[in-house]
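The values are calculated or read from the model by the stated rules, or taken from the named source; none is laboratory data. From a predicted model like this one, the values you see are computed outputs, not experimental measurements. Neighbour counts run over all protein chains shown; Cβ positions are idealised from the backbone, glycine included. In case anyone asks, the SASA skips ligands and DNA or RNA and just uses the protein heavy atoms, side chains included. Shrake-Rupley method; radii C 1.70, N 1.55, O 1.52, S 1.80 Å.
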Amino acid sequence: MRAVRYHDYGSADVLQIDEVDRPTPDRDEVLVEMRAASVNRVDVMFRSGQYGDLPLPSIPGGDGAGLVAAVGEDVAAFEPGDRVFASGMDRAEGGTFAEYAIIPAEKLALLPDGVSWADGGAIGNVGATAWTALEDLAGVQAGDRVLIHGGSGGVGHAAVQIAAHSGAEVITTAGSEAVRARLTDLGASVVFDYESDSLAEDILAAADGAGVDTILDHQLEEYLDLDLEVVTEGGTIISTMGHIPETNGRPFYNKEVTIQPLKMDNHPSRRPVLKRLARLMEQDVLAPVVADTYAFDDAARAHQEILTGGYVGKLVVTP
Ligand SMILES: NC(=O)c1ccc[n+]([C@@H]2O[C@H](COP(=O)([O-])OP(=O)(O)OC[C@H]3O[C@@H](n4cnc5c(N)ncnc54)[C@H](OP(=O)(O)O)[C@@H]3O)[C@@H](O)[C@H]2O)c1
């Protein structure tokens with residue numbers, strides 16, 4: 001089978017197409033004939049060697065969608081021919097940028113018939129992250145105000161839709177005017193330019209001066225001071241960034257703010273959250289946005305494009 005692989009860490013150019021043996025599923029694993037997979041930022045970090053220590057050569061891709069081709073003897077939830085989508089693949093075991101991928105059954109759920117391969121392939125990791133942050137950790141409720149930094153991104157565009165569906169008022173940010181205009185269609189009440197000098201005042205004004213109850217932040221190092229200014233008393237900041245910077249004392253203490261780190265590797269069993277996402281997509285509550293699709297031969301371009309940004313949603317690769 002064809003697989004995208006890298007034999008050394010480095011720039012996107014290290015990605016190449018190799019002919020490799022089709023793998024065989026273990027007892028609790030599923031062999032999936034991949035139809036679409038998505039680029040996640042962490043894939044770029046692994047490929048560039050920032051995370052290191054992957055057995056090389058490595059196949060990138062931590063989520064995706066496809067048809068079940070075979071199941072291990074302990075797998076009862078799926079059978080050959082099922083449409084499935086995945087989230088949370090362990091990079092050390094090989095990824096989804098291949099014609100076939102081995103995926104543990106607990107990281108798969110059925111993909112509803114009405115959901116395209118590209119949408120199913122795009123949503124796994126970012127949808128699981130958005131749901132875990134907003135629903136499982138922050139417990140966002142109707143009437144809450146939620147600030148989502150970078151609503152145009154993979155996680156952000158899912159988070160905007162999930163928070164809006166919960167009945168929250170969603171304030172978000174993005175880089176370009178064209179992109180900002182599209183985020184209100186996804187459920188945001190107001191969208192600001194993240195480079196604006198008056199961002200904190202604008203957010204507070206949009207929140208009637210009362211502040212926001214929950215913040216989803218992927219660049220806490222840059223936004224901690226702003227977050228502490230705009231968060232309400234007793235509010236929660238969910239950080240998907242690995243490093244929690246020093247809090248600057250007073251506002252943090254006075255407002256009794258909770259800063260909650262989120263590391264999705266700590267949530268290895270993905271079937272429950274994938275089933276949630278499947279239901280939301282079936283109900284047209286969650287509509288993944290696929291900004292562009294690339295063939296496997298063009299995977300390097302997709303790995304470069306995610307760093308450029310300036311689009312809404314996800315980049316998808318297909319065999
Ligand atoms: N901890 C975890 O388990 C976990 C899980 C998932 C993701 N993450 C991390 O979360 C981050 C987002 O992931 P993603 O998949 O959504 O990435 P993504 O699709 O590449 O989105 C990045 C977002 O950041 C925005 N952005 C760029 N510069 C910004 C700035 N100065 N201020 C505010 N926003 C800015 C982009 O906006 P424009 O494109 O409009 O410029 C875009 O909305 C990544 O760093 C990823 O590694 C962590």
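Of note:
- Note on R250/D8: beta-carbon distance plugged into 1/(1 + (r/R0)^6) with R0 of 51 Å gives a FRET efficiency of 0.60.
- Taking 0.36 nm per residue of separation and subtracting the Cα-Cα distance, full extension of the segment from E229 to E93 would add 44.7 nm.
- Estimated 222 nm signal from helices in the chain, with DSSP H stretches of n ≥ 4 weighted -39500 (n - 2.57), rounded to 500: -8000 deg cm²/dmol
- Per-peptide packing, taken as the mean over residues of other Cβ atoms within 10 Å, places 75-86, 139-150 in the sequence 139-150, 75-86 from highest down.
- Per-bin percent of Cα-Cα distances, region 129-199 [5 Å]: 4, 21, 31, 24, 13, 6, 1
- Taking the convex hull of Cα positions in region 68-150, its mean projected area over all directions (nm²): 7.8
- In plain terms, if you count all Cα to Cα distances in region 1-138 and split them into 5 Å steps from zero, the share in each step is 2, 11, 20, 22, 20, 15, 8, 3, 0 percent.
- Put a dot 7 Å past the Cα of D53, heading toward its Cβ, do the same for M241, and the two dots end up 2.4 nm apart.
- Tail weight of P(r) past 37 Å, computed on alpha-carbon pairs of the chain, percent: 16
- Choice from E177, E222, E246 with maximal GNM fluctuation in the chain (Cα, 10 Å cutoff): E246
- Region 190-209 and region 234-299 have Cα centres separated by 21 Å.
- Enclosed volume per residue, in Å³, of the convex hull spanned by Cα atoms of region 129-264: 92
- Per-peptide average of other Cβ atoms within 10 Å, ordering 284-293, 47-56 highest first: 284-293, 47-56
- For region 134-174, the ratio of Cα radius of gyration to the globular rule of thumb 2.2 N^0.38 Å stands at 1.01.
- A straight chain from T184 to E73 at 0.36 nm per residue would run longer than the Cα-Cα distance by 35.3 nm.
- Solvent-accessible area, 1.4 Å probe, carbon plus sulfur percent, for region 129-264: 44
- Accessible surface area normalised per residue over the chain is 43 Å², counting heavy atoms of protein chains with a 1.4 Å rolling probe.
- Extension reserve of the E222-R22 stretch, reckoned as 0.36 nm per residue once the Cα distance is removed: 67.6 nm
- Antiparallel DSSP beta bridges within region 129-264, percent to nearest 5: 0
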